[in-house]
Structures are given as structure tokens and as C-alpha cells.
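Working notes, beginning with the structure itself.
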């Protein structure tokens with residue numbers, strides 16, 4: 001949790017215990033009063049995690065699989081070397097021949 005998130009938690013807990021108003025709790029970390037109301041509801045349900053992003057620590061849904069990433073890199077290398085698109089097994093062989101097995 002970042003320092004800003006910790007500051008929000010402290011302000012929200014003070015507002016929850018009625019040590020300060022929601023408006024004062026909003027001014028302290030620089031958020032709106034409506035956001036404080038929303039965070040107080042979330043604090044009740046999720047605890048201190050309410051102030052941090054819900055997907056923190058989870059894998060991205062947009063993550064590219066290793067095989068697709070490899071295919072994209074192969075296409076990129078082939079296009080830079082002037083090779084037309086071929087099936088993956090031929091490309092891998094062509095790239096290997098062009099990059100490593102060439103006589104200098």
C-alpha cells in the first residue's frame with residue numbers, strides 16, 4: 001500500500017468514528033466528498049483494501065501468451081530481414097539460417 005493510500009485509510013477511519021466530518025475527510029487526502037462516501041461503503045465490505053485498486057497483484061486479462069509473443073517477434077524479425085510470411089516452422093529455420101548459420 002502506498003503512503004497516499006495509507007493516508008486515505010486514516011482519514012476514512014477518522015470519518016467512520018465521527019472524529020471528523022466526511023467533508024474534512026475528503027479535504028485531507030484531496031478527494032471529493034462523494035468519493036469518501038463510496039470509500040466508506042467499500043471499507044465496510046473490503047476493509048483496508050478498499051482504497052487500493054481491486055486488480056492489484058492479479059494477472060492482466062490482456063496478457064499475451066508466450067507462443068503468440070514468439071510468433072509476433074518472428075514476424076517482426078522476418079519483415080525486417082525481407083522474408084515473406086511462411087509457416088512458423090519454416091520461419092524459425094529461415095531466421096536461424098539468416099542470423100546464425102551465415103558465413104561471414
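Going by the structure shown, is residue 14 within 24 Å of the chain's Cα centre (by Cα), free of Cβ contacts under 8 Å to residues at least 40 places away in the same chain and not in a loop (DSSP other than H, G, I, E, B)?
no
Okay, residues lined up against (1) modelled with pLDDT of 80 or more; (2) in contact with a helix residue (DSSP H, G or I) (Cβ under 9 Å, 6 or more places away or on another chain); (3) loosely packed, with under 14 Cβ neighbours inside 10 Å:
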| residue | (1), (2), (3) |
| --- | --- |
| 34 | yes, yes, yes |
| 53 | yes, no, yes |
| 64 | no, yes, yes |
| 72 | no, no, yes |
| 89 | no, no, yes |
| 103 | no, no, yes |
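For region 30-74, give me the residue count where each residue is on the phi < 0 side of the Ramachandran plot and in a helix (DSSP H, G or I).
So the answer is 27.
The values are calculated or read from the model by the stated rules, or taken from the named source; none is laboratory data. This is a predicted model, so every value here is computed, not measured. Here the Cβ is made from the backbone with ideal geometry for all residues, glycine too, and neighbour counts use every protein chain on show.
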